[in-house]
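The values are calculated or read from the model by the stated rules, or taken from the named source; none is laboratory data. All values reported here derive from a predicted model rather than from experimental measurement. Neighbour counts run over all protein chains shown; Cβ positions are idealised from the backbone, glycine included. These area figures cover heavy atoms from the full protein model, side chains too; ligands, DNA and RNA do not enter into them. Shrake-Rupley method; radii C 1.70, N 1.55, O 1.52, S 1.80 Å.
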There are 2 protein chains.
Amino acid sequence: VDTHHRRFQDDLDQLKGRLLEMGGLAEERLLSVIRALVGRDTEGLARVASGDEPLNALHREIDDRAFKLLALQQPLAADLRTIVAAVKINTDIERIGDLAVNIAEASSRYLTHPPVKDLVDIPLMGDLAQKMVQDALDAFVRGDQDLARDVLNRDDQLDGLKSRVFRDLLGLMLTDQAKVKPSLDLILISRHLERIGDHATNIAEDVIFMVSALDVRHTGAP
Amino acid sequence: VDTHHRRFQDDLDQLKGRLLEMGGLAEERLLSVIRALVGRDTEGLARVASGDEPLNALHREIDDRAFKLLALQQPLAADLRTIVAAVKINTDIERIGDLAVNIAEASSRYLTHPPVKDLVDIPLMGDLAQKMVQDALDAFVRGDQDLARDVLNRDDQLDGLKSRVFRDLLGLMLTDQAKVKPSLDLILISRHLERIGDHATNIAEDVIFMVSALDVRHTGAP
């Protein structure tokens, strides 16, 4: 039984490790796409747009590992909560990768126009979203509820920046018709970044459930 | 053992039933919000915007049922795949409910302006998305792979409509400055509808995995 248990813990640690690796890859793609947008680097954008396959392969692998752990080991209580959380977190990270692709596509369209403004808030949103994803995943691996709650609290900052981006760009669109189309793409980019923050929030909620078996979703009180 | 097995099947059937009920609620909210937008019914929009709690309660309940089935019954193979699919589908339906709220909020802002155009493609998108969700859930309950694949194939129609909505509204924004702000909200609404279609697609993929134990995600070939 002891050997069996150790084997199970090894498999579970591997699952967590792969999930962390996948998260790192998603964060890297997020930072790359914003860097390429700000640096007007069309090749960098093309690399992000076409580079989703490693993340998708990890997504399949992690689902498979989680499913095998559920099927073969029949884990209970805390371990079961961890594996179910891993399945959900896996989906969130995969969507973050998809959103990096969406940002790359909107950025490529944006770069076909002259700049409408210096980009300040959008890179801020990118940094904030990346840090939220990183901390949510750290909270998962360490089982750190406090860090997870801290991630939940940061979602408002991202929402505030998104609203400011919208107001600024609407102002530009109303004063200069040539800025309508490129501004639309910047607005879409800010929405994609907001959604990445939402996925970090989902991960943080799953961590809190995993650690405390307490469902904090939909309570409005992090 | 037979009684135990029947009890398990009853619990699993109840889980599916509740999921179907939740899906019906989400579809109803989607249809209501589009009807209220088209009919310029601000009270109807406010009802959708504030009416997410029953869906959230079902979300918690279904997660709880799925978790108990996993923990107490230690199901194997096909049943395990069904329960894991249910957990994922539960998340997708909850997000569809959130998107109905987002649509209600954007619609309320839209209605503070005079109409920018007759709304034709957006209600079409709403109907298409609702039917995709409905069929994806029917495919889940019946274990119908063909219907699930059919849902996957309809995602392109929704994408096509979204692009047409964008082109039309961009044209209006460029010719009439007063239409910039309300048109932006219609564009956001069309994006929210597209995302509802994405969630229906996710559900359909989970159904195919459940039935065939074949992972069709990320293959590009439905």
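Observations on the structure shown:
- Only Lys, Arg, Asp and Glu carry charge here, each on its Cβ (+1 for the first two, -1 for the last two); on that basis the protein assembly as shown has a dipole of about 760 debye about its Cα centre.
- Label-zone membership for the stretch A:82-118, site B:Asp159, 7 angstrom Cα→C-beta point, backbone N under 19 Å: A:94-110
- Per residue accessible area in Å² of the protein assembly as shown, where ligands, DNA and RNA are left out and the probe is 1.4 Å: 42
- Reach of A:Lys117 by Cα under 26 Å, taken over lysines that are not fewer than 8 positions away in the same chain: A:Lys131, A:Lys162, A:Lys179, A:Lys181, B:Lys179, B:Lys181
- Spin-label pair B:Leu174/A:Leu172, simplified geometry with 7 Å Cα→Cβ offset, distance in nm: 1.8
- Net charge of Cβ neighbours under 12 Å - reference A:Ser190; Lys, Arg +1; Asp, Glu -1: 0
- Against the compact-protein benchmark of 2.2 N^0.38 Å, the Cα-based radius of gyration of chain A scales to 1.13.
- About its Cα centre, the dipole of the stretch B:1-57 is roughly 140 debye, where the only charges are +1 on Lys and Arg Cβ and -1 on Asp and Glu Cβ.
- Scanning chain A for DSSP H helices at least 15 Å long along the axis (C-alpha atoms) with a Kyte-Doolittle mean no lower than 0.0 picks out A:77-110, A:121-142, A:180-212.
- Toward the positive end of the charge dipole of the stretch A:77-127, with +1 on the Cβ of Lys and Arg and -1 on the Cβ of Asp and Glu, the farthest Cα among A:Val87, A:Pro115, A:Ile103 is that of A:Val87.
- Across the options A:Met132, B:Leu37, B:Ser212, the greatest Cα extent toward the positive end of the charge dipole of the protein assembly as shown (unit charges at beta carbon of Lys, Arg, Asp, Glu) belongs to B:Leu37.
- When chain A is described by a simple charge dipole with +1 on each Lys and Arg Cβ and -1 on each Asp and Glu Cβ, the residue from A:Leu174, A:Ala57, A:Leu20 located farthest towards its positive end is A:Leu174.
- About its Cα centre, the stretch B:1-114 has a charge dipole of approximately 160 debye under the convention of +1 per Lys or Arg Cβ and -1 per Asp or Glu Cβ, with nothing else charged.
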